[in-house]
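A quick write-up on the structure given underneath.
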Amino acid sequence: MAEGERHSPPDSSEDSPPATQNFIIPKKEIHTVPDMGKWKRSQAYADYIGFILTLNEGVKGKKLTFEYTVSEAIEKLVALLNTLDRWIDETPPVDQPSRFGNKAYRTWYAKLDEEAENLVATVVPTHLAAAVPEVAVYLKEAVGNSTRIDYGTGHEAAFAAFLCCLCKIGVLRVDDQIAIVFKVFNRYLEVMRKLQKTYRMEPAGSQGVWGLDDFQFLPFIWGSSQLIDHPYLEPRHFVDEKAVNENHKDYMFLECILFITEMKTGPFAEHSNQLWNISAVPSWSKVNQGLIRMYKAECLEKFPVIQHFKFGSLLPIHPVTSC
């Protein structure tokens, strides 16, 4: 059915998918640098960045301890992530000569590869079962690469795409916005950090000290939004160890800084130069705006990241169409 034949309001897909939706297994569409134009004009790009910005607005000025509703779907997603966490405990690192990229990760990943559809089926209601194989692809893409044993912002983007797809088929709703970030994405971060530490995963496409972070980007965006109009914490405070230790449980941004300082040695300005520079920005709203621009430029508009993104019926490669 052509998009133009649908006369329902544009946001109706958040409530329920079209009755005639044909789900497909997502696949790569960006094969060469010139293909990047297709991505930037695509419905997938518009929907993805819209999703990121909607969540950014939803968590503005709110602590992680803020009271929000937790739906059954959110609880099921947390249970799914808890399963992935448990599998890490059940798959200890193996003894090997190389320090990085522990091969036990491949055993862990093989289990996810095999069970992904079953896991997603625990979250998606039976009347939407046809969507499971499509949505499960994004979950498998969200935890790192089993060949290279690395993890980076492209994998993180796949998890955001996974959540976006669940919104598009109506599993997650508008009321779930805060819980998507604070409960689900935060739990995802914990599991990814455990993967990175347990299996000594390499950063995917790291820019070293010139990148924002070796592994993540979105928690810095949403975390800076949380801190907008904070009564006393300013951007300059996140390089202050005391401020981080006292407030990291309330703010994703500070939790990210704590993780970096635990994983890296030496002066902060040397191992995380980009973040050090950001600490000089006068306000959190300016930090937030700058990080969104940087995310588009350094992640969403970079071929090495987007060449791995997969497109299906929920995040399609076709150009944006208006109903």
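The values are calculated or read from the model by the stated rules, or taken from the named source; none is laboratory data. Just so it is clear, the structure is predicted and the values come from calculations on it, not from any experiment. Ideal geometry is used to build each Cβ from the backbone, glycine not excepted, and the neighbour counts take in all protein chains shown. The protein model used for the area step is the full one, side chains on, heavy atoms only, and it has no ligands, DNA or RNA in it. Shrake-Rupley method; radii C 1.70, N 1.55, O 1.52, S 1.80 Å.
Taken over the range 274-285, the residue count meeting the criterion of being in contact (Cβ under 8 Å) with a residue 12 or more places away in the chain and either surrounded by fewer than 17 Cβ atoms within 10 Å (Cβ to Cβ) or under 30 Å from GLU134 (Cα atoms) (or both) is 6. Applying a threshold of 7 Å to beta carbon distances and a minimum spacing of six or more residues, or different chains, the list of pairs starting in the range 54-71 at a residue that is closer than 17 Å to SER283 by Cα and ending at one that is modelled with pLDDT of 95 or more and open to solvent by 90 Å² or more (accessible area, probe 1.4 Å) reads GLY61/ASP229. Note on the range 106-134: residues that are in contact with a Leu (Cβ under 7 Å, 6 or more places away or on another chain) and assigned to a loop (DSSP other than H, G, I, E, B) amount to 2.
In the range 123-134 there is no residue that is on the phi > 0 side of the Ramachandran plot and either under 13 Å from the mean Cα position of the chain (by Cα) or crowded, with 17+ Cβ neighbours inside 10 Å (or both). Evaluate the range 77-88: report whether one residue or more is in a helix (DSSP H, G or I), aromatic (Phe, Trp, Tyr) and modelled with pLDDT of 95 or more. Yes: the range 77-88 contains one or more residues that are in a helix (DSSP H, G or I), aromatic (Phe, Trp, Tyr) and modelled with pLDDT of 95 or more. I'd like the full set of residues that are open to solvent by 20 Å² or more (accessible area, probe 1.4 Å) and either of a type in the set (D, E, K, R) or closer than 20 Å to LEU300 by Cα (or both), limited to the range 144-185. Within the range 144-185, ASN145, ARG148, THR153, GLY154, HIS155, LYS168, ARG173, ASP175, LYS183 qualify.
Annotation: PHE268 fulfils all but one of (1) surrounded by 20 or more Cβ atoms within 10 Å (Cβ to Cβ); (2) aromatic (Phe, Trp, Tyr); (3) more than 23 Å from the chain's Cα centre (by Cα); the unmet one is (1).
Residues considered: GLU190, GLU141, GLU115. Of these, the only one that is within 15 Å of the chain's Cα centre (by Cα) and surrounded by fewer than 19 Cβ atoms within 10 Å (Cβ to Cβ) is GLU190.
Filtering the range 246-265 to residues that are assigned to a helix (DSSP H, G or I) and either more than 20 Å from ASP229 (Cα to Cα) or open to solvent by less than 30 Å² (accessible area, probe 1.4 Å) (or both) leaves ASN247, MET252, PHE253, LEU254, CYS256, ILE257, LEU258, PHE259, ILE260, THR261, GLU262, MET263.
Hey, any hits in the range 164-176 for a residue that's charged (D, E, K, R) and within 11 Å of the chain's Cα centre (by Cα)?
If we filter the range 164-176 for residues that are charged (D, E, K, R), which is where we start, we get 168, 173, 175-176.
Right, trim to within 11 Å of the chain's Cα centre (by Cα) and you get none.
No: zero hits.
Could you identify the single residue in LYS40, LYS27, LYS63 that is modelled with pLDDT of 95 or more and exposed (fewer than 13 other Cβ atoms within 10 Å of the Cβ)? LYS27 is the lone residue from the list that is modelled with pLDDT of 95 or more and exposed (fewer than 13 other Cβ atoms within 10 Å of the Cβ).
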